[in-house]
1. I need to check one value: relative contact order of region 160-217, counting alpha carbon pairs closer than 8 Å and at least 6 residues apart, in percent.
2. If R0 is 41 Å, what FRET efficiency do you get for D96 and S330 from their C-beta distance, rounded to 0.05?
3. Determine ³J(HN,Hα), in whole Hz, for all residues of region 94-99 in sequence, where each value follows from phi through the Karplus function 6.51 cos²θ - 1.76 cosθ + 1.60 and θ = phi - 60°; x replaces Gly and Pro.
4. In terms of the Cα gyration tensor, with a ≥ b ≥ c the square roots of its eigenvalues, is region 1-84 rounded because a/c is under 1.5, prolate because a/b exceeds b/c, or oblate?
5. Considering only protein heavy atoms, what per residue accessible area in square angstrom results for region 4-85 with a 1.4 angstrom probe?
6. Taking square-rooted eigenvalues a ≥ b ≥ c of the alpha carbon gyration tensor, is region 91-232 rounded, prolate or oblate, where a/c under 1.5 means rounded and, failing that, a/b exceeding b/c means prolate?
7. Could you rank T228, T73, T103 by how accessible they are, 1.4 Å probe, largest area first?
8. Under a 5 Å amide H to amide H cut-off, with H placed in plane at 1.01 Å, what residues pair with V28 once short-range neighbours are removed?
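The values are calculated or read from the model by the stated rules, or taken from the named source; none is laboratory data. None of the values given here were measured: they were computed from a predicted structure. When we count neighbours, we look across all protein chains shown, and the Cβ atoms used for this are built from the backbone with ideal geometry, even at glycine. These area figures cover heavy atoms from the full protein model, side chains too; ligands, DNA and RNA do not enter into them. Shrake-Rupley method; radii C 1.70, N 1.55, O 1.52, S 1.80 Å.
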Amino acid sequence: MAKILLTGGAGYIGSHTYAALTEAGYAVEILDNFANARDDVPDRLEMITGAPVKVHRVDVLDRAALDAVFASTTFDGVVHFAAKKAVGESQKIPLDYIETNCTGLVNLMKAMEKAGVFRLVFSSSATVYAPTLDWPIPEEAALGYASTYALTKLMGEQIIQAAAHADARWRFGILRYFNPAGAHPSALIGEDPSDIPNNLMPYIAKVATGELPELNVFGNDYPTPDGTGVRDYIHVVDLAEGHVQSLNALMKGEGSHIVNLGTGQGYSVLDMLKAYERACGKPLPYRVAPRREGDLACYYGDPAKAEALLGFRAKRDLDDMCATSWAWVSRASNMRG
Ligand code: WQD
């Protein structure tokens with residue numbers, strides 16, 4: 001049984017990927033500093049998978065600790081999520097983001113190299129694409145960054161490719177996500193923001209539970225069908241399964257790949273709000289607010305390459321995302337605090 005180190009495995013996408021990897025037959029160990037994850041996520045993952053969860057409470061900035069993890073057993077590959085990921089925060093503390101997301105990646109790759117581990121699946125982002133009016137966005141589109149968060153993901157991609165250019169033993173899967181949403185069908189893991197969420201679905205979820213009074217719709221005068229922003233929301237379980245397919249390709253000795261993980265389908269803010277109303281069975285209050293700085297009207301990806309190379313195709317729709325999110329947030333035991 002191939003053994004995988006899953007960094008950031010206690011986080012939102014990481015924990016769902018843990019469940020998908022174990023379901024696919026991989027032995028998985030989690031490395032996480034729990035800076036952005038609840039301590040009880042491994043316990044919940046044990047409830048989902050029915051097996052104990054091995055956790056290394058390590059920070060990717062601790063090179064010696066990373067070496068010790070790789071010395072403790074033989075890994076066949078790494079799926080790397082551990083990073084800071086809040087776009088707004090990245091503008092306030094850029095050096096912390098570059099240190100964790102880039103220096104942390106270099107530390108990880110040097111520890112891998114020392115241990116002779118050269119298969120790496122990297123959590124990248126659609127934010128590495130330069131603003132564009134050409135949708136759906138293909139992988140060949142121009143790259144750029146509008147935030148330090150996006151810069152660190154773009155740098156991460158370049159770091160990995162530079163290493164692979166110098167040493168052919170590296171095999172990588174760079175996965176560019178659009179907008180992850182939803183939760184695990186067990187309602188035991190899901191998106192769990194500790195403060196007021198920036199992203200749309202967790203914000204709507206807090207309106208649905210009554211923690212927030214109403215949704216602020218950031219602009220309804222965009223050149224889109226209903227005037228509100230359009231994005232490519234992808235169910236987090238589809239996203240997790242995409243990571244399994246990326247790793248499977250690397251384990252089979254196939255070449256490195258850079259692919260979008262999206263649905264190719266755009267949904268507006270109001271589409272999401274209406275879908276969430278269907279999920280929770282009640283109307284949700286909102287007001288139209290000014291546009292948010294830096295937002296684009298429309299942003300969704302072309303998933304054709306991921307399907308051609310990995311056999312990836314998103315299976316779940318907006319109603320699935322909202323129904324699983326509602327099941328997760330409406331279970332009182334899941335609420336933080
Ligand atoms: C979606 C739409 C908003 C909140 C972000 C980041 C990054 C990336 C994906 C990792 C937009 C509107 C939102 C609200 C609203 N993740 N909105 N009211 O900005 O597309 O991308 O997530 O790489 O984190 O780039 O996602 O969920 O913030 O916004 O009207 O309270 O919802 O204007 O049109 P975004 P989002």
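1. On the way: 26 pairs, mean separation 9.1, N = 58.
Rounded, it is 16 percent for region 160-217.
2. On the way: r = 34 Å, r/R0 = 0.83.
The pair D96/S330 has a calculated efficiency of 0.75.
3. Going residue by residue, I get x, 5, 5, 5, 5, 5 Hz, with x marking Gly and Pro.
4. Numbers: a/c = 1.73, a/b = 1.15, b/c = 1.50.
In terms of gyration-tensor shape, oblate.
5. Details: 3150 Å² over 82 residues.
Here the residues of region 4-85 average 38 Å² of exposed surface.
6. Values: a/c = 2.20, a/b = 1.61, b/c = 1.37.
Prolate shape, in that a/c is at least 1.5 and a/b is the bigger ratio.
7. Values: T228 0, T73 30, T103 65 Å².
Largest to smallest exposure gives the sequence T103, T73, T228.
8. Close amide H contacts, sequence-distant or interchain: I4.
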